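> If you scroll down you'll find the structure; I have some questions about it.
The values are calculated or read from the model by the stated rules, or taken from the named source; none is laboratory data. Predicted model only: the values in this text are computed from it and were never measured. All Cβ positions, even for glycine, are placed from backbone atoms using ideal geometry, and neighbour counts span all protein chains on display. We work out accessible area using only protein heavy atoms, side chains counted, and drop any ligands, DNA or RNA first. Shrake-Rupley method; radii C 1.70, N 1.55, O 1.52, S 1.80 Å.
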Amino acid sequence: ERDAGEPGLSDWTIQLQDGNGQLITTATTDVNGDYGFDDLDPGTYRVREVLQQGWTPTTADPSDIVTASGVDVSDIDFGNFELVTIAGVKFEDIDGDGVKDQGEPGLEGWTIQLQDGNGQLITTATTDVNGDYGFDDLGPGTYRVREVLQQGWTQTTADPSDIVTTSGDDVSDIDFGNFELVAI
């Protein structure tokens, strides 16, 4: 459902199909996200959007529409969420202060977990040579990012807060610092 403040999306293709799913014509949404099909004969129609790459639908396809003489149909709406990325870096916190300082290198080969808001594992990523990791094409939801601690190390940064995604807003700087334990 469209909430107050949620903008319409322009330049999206909306298809008008017959009751068997055969394409009749298309319309393109305007700057407000509006579209329309005029002068339709009586019959059964389907209205479908052409999903764009990098987006996921948030509404179900509307039911078939059976037209009646002189009766206009409106509010056949489609909701979409622009997929997001959550990313960060895993670094060696040489001075153990919980802050990535100049010259503190990334750590390669560490496992970073993406969990749902209840702590259930969704997937993992492995840090690259620079300590970078990322989770791409994430839809709406609450996500939790956690590291898998390796033996001989201690985490120097606090676990990040849960992330509630907002359409199109990538989240970065979800970083983890670790100090390699020493023996004296």
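> For segment 140-153, enumerate the residues that are closer than 16 Å to Gly109 by Cα and of a type in the set (S, T, N, Q).
Keep residues of segment 140-153 that are closer than 16 Å to Gly109 by Cα, which gives 146-153.
Residues satisfying the conditions are Gln150, Gln151.
> I need the full set of residues from segment 70-82 which are open to solvent by 40 Å² or more (accessible area, probe 1.4 Å) and of a type in the set (S, T, N, Q), in order please.
First, pick out the residues of segment 70-82 that are open to solvent by 40 Å² or more (accessible area, probe 1.4 Å): 70-75, 77-78, 82.
Matches in segment 70-82: Ser74 only.
> Moving on. Can you name the residue in segment 21-55 that is touching a Gly at 6+ places or on another chain (Cβ under 9 Å) and of a type in the set (Ser, Thr, Tyr) and is also surrounded by the fewest Cβ atoms within 10 Å (Cβ to Cβ) among such residues?
By that ranking, first place goes to Thr44.
> Identify the single condition in (1) within 30 Å of Val148 (Cβ to Cβ); (2) within 29 Å of the chain's Cα centre (by Cα) that Gly36 does not satisfy, given that it satisfies every other one.
(1)
> Let me ask something else. Go through Gln150, Gln115 for me and flag whichever is of a type outside the set (Phe, Trp, Tyr) and crowded, with 17+ Cβ neighbours inside 10 Å.
Details: Gln150 fails: crowded, with 17+ Cβ neighbours inside 10 Å.
From the options Gln150, Gln115, the qualifying one is Gln115.
> Suppose we filter Thr85, Thr58, Thr126 for residues that are in contact with a Gly (Cβ under 7 Å, 6 or more places away or on another chain), closer than 25 Å to Asp169 by Cα, open to solvent by 60 Å² or more (accessible area, probe 1.4 Å) and touching a residue at least 24 places away in the same chain (Cβ under 8 Å); which single one remains? Before the answer, list the steps.
Details: Thr85 fails: open to solvent by 60 Å² or more (accessible area, probe 1.4 Å); Thr126 fails: touching a residue at least 24 places away in the same chain (Cβ under 8 Å).
After applying the criteria, what remains is Thr58.
> Still on this structure: For segment 131-184, name all the residues that are under 29 Å from Pro7 (Cα atoms), of a type outside the set (Ser, Thr, Tyr) and in a strand (DSSP E or B).
Looking only at segment 131-184, we keep the residues that are under 29 Å from Pro7 (Cα atoms), and these are 134-144, 161-174.
Narrowing the set further to residues that are of a type outside the set (Ser, Thr, Tyr) leaves 134-141, 144, 162-164, 168-171, 173-174.
Once the filter is applied, which keeps residues that are under 29 Å from Pro7 (Cα atoms), of a type outside the set (Ser, Thr, Tyr) and in a strand (DSSP E or B), segment 131-184 yields Gly134, Phe135, Asp136, Asp137, Leu138, Arg144, Ile163, Val164, Val171.
> Which numbered condition in (1) open to solvent by 70 Å² or more (accessible area, probe 1.4 Å); (2) at pLDDT below 95; (3) over 24 Å from the mean Cα position of the chain (by Cα) is the only one that Gly98 fails?
Result: Gly98 passes all but (1).
> Name the residue, out of Asp18, Asp11, that is of a type outside the set (Phe, Trp, Tyr) and either open to solvent by 50 Å² or more (accessible area, probe 1.4 Å) or closer than 18 Å to Trp55 by Cβ (or both).
Working: Asp18 fails: either open to solvent by 50 Å² or more (accessible area, probe 1.4 Å) or closer than 18 Å to Trp55 by Cβ (or both).
Answer to the check: Asp11.
> Restricting the search to segment 156-178, which residues are open to solvent by less than 60 Å² (accessible area, probe 1.4 Å) and either acidic (Asp, Glu) or on the phi < 0 side of the Ramachandran plot (or both)? Let's see the steps before the verdict.
Taking segment 156-178 and keeping what is open to solvent by less than 60 Å² (accessible area, probe 1.4 Å), we get 156-157, 160, 163, 165, 167-168, 171, 174-178.
Of everything in segment 156-178, those that are open to solvent by less than 60 Å² (accessible area, probe 1.4 Å) and either acidic (Asp, Glu) or on the phi < 0 side of the Ramachandran plot (or both) turn out to be Thr156, Thr157, Pro160, Ile163, Thr165, Ser167, Val171, Ile174, Asp175, Phe176, Gly177, Asn178.
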